[in-house]
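A short worksheet on the structure shown next.
The values are calculated or read from the model by the stated rules, or taken from the named source; none is laboratory data. Just so it is clear, the structure is predicted and the values come from calculations on it, not from any experiment. Here Cβ is always computed from backbone atoms with ideal geometry, including for glycine, and neighbour counts include all displayed protein chains. Just so you know, the surface numbers come from the protein's heavy atoms only, side chains and all, with ligands and any DNA or RNA stripped out. Shrake-Rupley method; radii C 1.70, N 1.55, O 1.52, S 1.80 Å.
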Amino acid sequence: MAATASSPAVPQAKAGVAPLRAGQGHSFLLRRLHSLTGIIPVGAFLFEHILVSNATAISGPAAYAHQVRFLASLPLVPVLELFGVWLPILFHAIVGFYIWYRGDANLVAYPWAGNWMYTLQRWTGGIAFVYILWHTYTMRFTGIDLHEHPGASFGKVQNEVVAPLLLAFYAVGLIAASWHFAYGIWLFCAKWGITPGEKAQKRLLVACLGFFLVLSGVGLASLTSFRSHPQQPTDPAGARIVEMGPGATE
Amino acid sequence: MADKKVLFKIKRQASPSAEPVWEEFELNWHPGMNVISSLMEIAANPQTKDGKTTAPVTYDSNCLEEVCGSCAMLINGRARMACSALIDKLEQPIRIEPLSKFPVVRDLAVDRSVLFENLKAVKAWVPVDGTYDLGSGPRQSMQNQEMTYPLSRCISCCCCMEVCPQFNEDTGFVGAAAISQVRLFNAHPTGAALKQDRLAALMGDGGIQECGYAQNCVEICPKDIPLTQSISQVAGDVMKQAITDLFRK
Ligand code: HEM
Ligand code: SF4
Ligand code: SF4
Ligand code: FES
């Protein structure tokens, strides 16, 4: 039968992708907050955590203890932790998993560089999340309280990374978080219209790759310094000796 | 050379609600064949490889020179224009499927009206309709023409939306083409009158925020439109508009 003007209308099947809901909803705000929290405060915290605080481990247990004591001496530490670090990470992570769930990765059909980065941004975020949960639980909420006994910090981390599998887990978590943040800066600048141009995007990409190498390099160097030093004490008395610095005796 | 063959596997669907089925077709090779010319040959003699008579394959096409945008389909798993898909450059058997993110009307013909709806939602036009002659428009600088001409080449094929990981039924994302048209019409001296409306529309659900910057759109676009540049540029304008609204509205 030939199709004519009088033939019945096309039956309804799958509706397809809905058109733009102009002027409706709050997803714009949600997504921009997600993007922003990735840089500030979560990214800023990661920067401080790897490049400032943990880097002191390279100079040995005493320097590390002093940095931890300084952090613990900041005013309103629980408030800073809750609103400056934990809640923003939790927000970014929950919205991040939601964004991940709603996207349809298609690397197999379209294995292009940008698409790889898109998929990698999700997996590195997921790995970082598992790592952060473990790391916060073991370092902050179990064992000796480092805010009370900063001198025990070096030894506590040493105990943590003594098992090769845990060391590997730390290295993977560190590299994943570094990549996620470094490429995240590039994404942020592209998505907020800071670097729309092709050349600007290329230059920033090189800078972000460099930043990734610095972040993960310094992080790995800190990690190895925990392995290269002799085991430090993790009891309150020993912690006091570490805090007093090398050569000091009680 | 006379017996050189070309093998096709085509995904068929008799109606929007029917189950899809695959059929194989074999044609004699000849120089310069492309996918549309092959579909025409199949229509002229609609027989499957095993000699079974079947209905001719339904597909959209018009210009046959990659300017009308109607013949987009999945060829060997990738979205592209069938009229410019040369058989000699394709791996065989050549798998042909309808675009996967648009409702199938029949066989390879899909309903891409979502792009039209999105272009309407972002007011992708120059507002000159009225009851009297508005006279000639303002002159455009050469620089502006050079920036906008590539954007104006969009053929509404929807390839950029098909390959976008964020364009799906969960997000209802507007897609790269409409965003790039916002950049085009905002850059037009008369079209700029609707700039705020367009930017406000892109803040709605399914708006520019859904882009995850996977950059597939710019890779696939048959007209080489700088889509990711447009998205970044327009996203900046949307952000400025959002902040301005916060203080002025
Ligand atoms: C180490 C802590 C983290 C930092 C420093 C961080 C930082 C960032 C930054 C700067 C961006 C770029 C902003 C953007 O694309 O809009 C980003 C994006 C993203 N993050 Fe994170 N993030 C962290 C943890 C996580 C976690 C735990 C997840 C959970 C899966 C996650 C999921 C995502 C996703 C899905 C995106 C891409 C968003 C999009 O494509 O629109 N991130 N992150
Ligand atoms: S950049 Fe990626 S996510 Fe954004 S529109 Fe293009 S394909 Fe989609
Ligand atoms: S932007 Fe390119 S891929 Fe998208 S509809 Fe227009 S021509 Fe097609
Ligand atoms: S038939 Fe017009 S683009 Fe292919």
Inset, instruction - Would you work out the charge dipole size for the protein assembly as shown about its Cα centre, treating the Cβ of every Lys and Arg as +1 and the Cβ of every Asp and Glu as -1, and quote it to the nearest 20 debye? - result: 560
Inset, instruction - Principal axes first, then extents: for the Cα atoms of the protein assembly as shown, list largest minus smallest coordinate on each axis, whole Å, largest first. - result: 99, 64, 41
Inset, instruction - Averaging sequence separations of C-alpha pairs under 8 Å and six or more residues apart, then dividing by the length of chain B, give the relative contact order as a whole percent. - result: 17
Legend entry - R0 of 41 Å, Cβ-Cβ distance A:Leu33-A:Arg227: FRET efficiency to nearest 0.05: 0.55
Inset, instruction - Measure off 7 Å from each Cα along the Cα-to-Cβ vector at A:Arg203 and B:Lys9, then give the distance between these two points in nanometres to one decimal. - result: 4.9
Legend entry - Pairs from A:Lys199/B:Lys223; B:Lys101/B:Lys240; B:Lys49/B:Lys223; B:Lys4/B:Lys49; B:Lys11/B:Lys123 whose Cα-Cα separation, in the structure shown, is over 24 Å: B:Lys101/B:Lys240; B:Lys49/B:Lys223; B:Lys11/B:Lys123
Legend entry - A:Phe70-B:Asn62 pseudo-label distance in nm [points 7 Å out on the Cα-to-Cβ vector]: 6.7
Legend entry - Rh by Kirkwood over Cα pairs, then Stokes-Einstein D for chain B at 0.692 mPa s and 37 °C, µm²/s: 164
Inset, instruction - Kindly tabulate the residues in region B:177-203 with an accessible-area decrease of at least 30 Å² between the chain alone and the assembly of all protein chains, using a probe of 1.4 Å. - result: B:Ala201, B:Met203
Legend entry - For region A:61-129 and region B:44-73, distance of Cα centres in Å: 49
Inset, instruction - Order the following by accessible area, largest value first: A:His180, A:His26. Probe radius 1.4 Å; ligands, DNA and RNA are ignored. - result: A:His26, A:His180
Inset, instruction - Whole Å is fine, so just give me how far the alpha carbon centre of region A:176-196 lies from that of region B:208-246. - result: 14
Inset, instruction - In whole angstrom, note down how far apart the Cα centers of region B:97-144 and region B:149-207 are. - result: 9
Inset, instruction - Please return the longest stretch of chain B lacking exposed loop sites, where GluC sites (Glu not before Pro) count only if DSSP places them in a loop and at most 11 other Cβ atoms lie within 10 Å. - result: B:92-249
Legend entry - DSSP-defined beta bridges in the protein assembly as shown - what % are antiparallel, rounded to 5: 85
Inset, instruction - Could you pull the Cα extents of region A:25-244 along its three principal axes, largest to smallest, in whole Å? - result: 58, 35, 29
